[in-house]
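Written below as structure tokens is the structure these notes are about.
The values are calculated or read from the model by the stated rules, or taken from the named source; none is laboratory data. Bear in mind that the values here come from a model prediction, so they are computed numbers and not experimental data. Note that each Cβ is placed from the backbone with ideal geometry, even for glycine, and that neighbours are counted across all protein chains shown.
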Amino acid sequence: MSSVFADSGVVTASGGALAFTGKGDTFAHVLSGTAIDFSGGTDLLKAGASLTAAAVGLSGGAVVTLGENLKYAGALAQGAGTSLAVGAYELVLTGAGSTLAGKVSGAGALLFDGGTQSVMSGASLAVSRLLILGGAAAAIDGSLSFAGMFEAEAGTRVAIGAGDSLDLTGAAVFSGGAVVDGGGTLSVSDTTLQDLAVGGTATLVDAHVIVQTGAVTLGDSQGGAATLTVDKGAIYKIVGDAGIARGASAGSTLFDDGVLDKASGAGVSAIGVAVIDAGVIEALAGTLDFTQAIGGAGTLHIYAGATLEADAGVAPSLIAVFNAASGTLALADAAGFAAKITGFAAGDAIDLIDTAATGATLEAGGKLAIVNGTLTVATLQLGGNYGGDTFTVSADGHGGSAITVTAKADAAWVSRLGQFAQAMAGLSGGHGSQANVMAQETRSMTTLGLAVSRL
């Protein structure tokens, strides 16, 4: 129909497709039947309108505007160059097989609530919210950027084709075992991961901030090797005791060019995939446990009261840093730990998990040789001046060994302080009481030599 159409009752397409091509068509009732096609012009679905036709198409530059919330259970085929203006309302697609290749815009929301809906190359989604619900799947074909609020709930799937990408620049939440798979790339900027599996050969990129509060799995049961990349300048923060599990493939990998930290939680957060660290990894609380090898040339930081555990080999190009007293570096494969250790001081511990040891000796070049009787069980590379320090080995209470260090005092400095203390104590007259106090304070200062002698 090429003239302006205003329905006053049910519009039914029987047999073929009923096409509307005019400008200013308005609908306030049911559009039903086999197929409805908006083939150019502008059309308004007013309050009271509903779509029950098996198929609805937009083509020829058509612009369709919603006048209220609309739920559609059929197959919507939006062609390139067309527009769906949702206004402040919700467009809910509950059927299967819809394809979006034009523009969907407005202050409202687009919801996929069942079935598989495809977003084609060239599509533009400019709504305030995009929600994947009710076991629905979104298939991304091409490169799509979305700036609104994104949510993928329990049982949902986002499939991104090989070479394709979905760039979420706004806030996003993945929960309830949502799945991202395919061979493409999902890039996120402000995202909470409550429960997510990255399957296939998909890549998840942290472009700004990811906060992980629940389970994350890289890889699937079919052997797909997935990837997590933390971009330079980005932060990946683990809150609580959540971890990153590995699927069937040993090829799943975490690349850290930014900051990866365990921010809270007194328990264990296990990272079950291989890690390439070119940035910063921080154990700020509890135990951050790497069950697979760590490579790269970044740093591993251990803070007060926290434990960083390495269960496999660690590359010599890495540096492990004790940032505060009472940190623990736990090694299940001490012989395979080749990273340099810096900042190791009184109050810290190096724990050799399930490994018996009887002594530790500092050798040339800052190498700490750890022995069990006459057998060398590990040699660790220290960075800094530990000459004259005392290394003590004791049982860790769990079948392994704990290594601690006590710094030496500068003998000449301590001797001079001692002589000064004796001189002050020998003063007499009206200054005796003050002298005794000064002597006591001076003796206390000798202890400070333990801390500064290494500088």
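Observations
- Checked against the criterion of being buried (at least 22 other Cβ atoms within 10 Å of the Cβ), of a type outside the set (F, W, Y), more than 22 Å from R157 (Cβ to Cβ) and in contact (Cβ under 8 Å) with a residue 12 or more places away in the chain, region 192-200 has no qualifying residue.
- Residues that are of a type outside the set (A, V, I, L, M, F, W, C) and more than 17 Å from S175 (Cβ to Cβ) within region 188-216 comprise S189, G200, T201, T203, D206, H208, listed in sequence order.
- In a residue-by-residue description of region 100-123, the property of being under 21 Å from V180 (Cα atoms), surrounded by 17 or more Cβ atoms within 10 Å (Cβ to Cβ), in contact (Cβ under 8 Å) with a residue 24 or more places away in the chain and in contact with a Phe, Trp or Tyr (Cβ under 6 Å, 6 or more places away or on another chain) applies to no position.
- Selection of region 295-310 for residues being under 19 Å from I235 (Cβ atoms) and β-branched (V, I, T) yields T299, I302.
- Among the conditions (1) farther than 16 Å from A137 by Cα; (2) in contact (Cβ under 8 Å) with a residue 40 or more places away in the chain, T94 misses just one, which is (1).
- Where strands (runs of 3 or more DSSP E) fall wholly inside region 291-375, the ranges with 3 or more residues that are of a type outside the set (K, R), out of contact with any Lys or Arg (no Cβ under 8 Å at 6 or more places or on another chain) and touching a residue at least 12 places away in the same chain (Cβ under 8 Å) are 294-296, 299-302, 307-310, 328-331, 349-352, 359-363, 367-372.
- Count of region 221-250 residues which are farther than 22 Å from T192 by Cβ and surrounded by 17 or more Cβ atoms within 10 Å (Cβ to Cβ): 3
- G148 vs. criteria of a type outside the set (A, V, I, L, M, F, W, C) and either on the phi > 0 side of the Ramachandran plot or at pLDDT below 95 (or both): no
- Tallying residues that are in a strand (DSSP E or B) and surrounded by 18 or more Cβ atoms within 10 Å (Cβ to Cβ) within region 140-172 yields 13.
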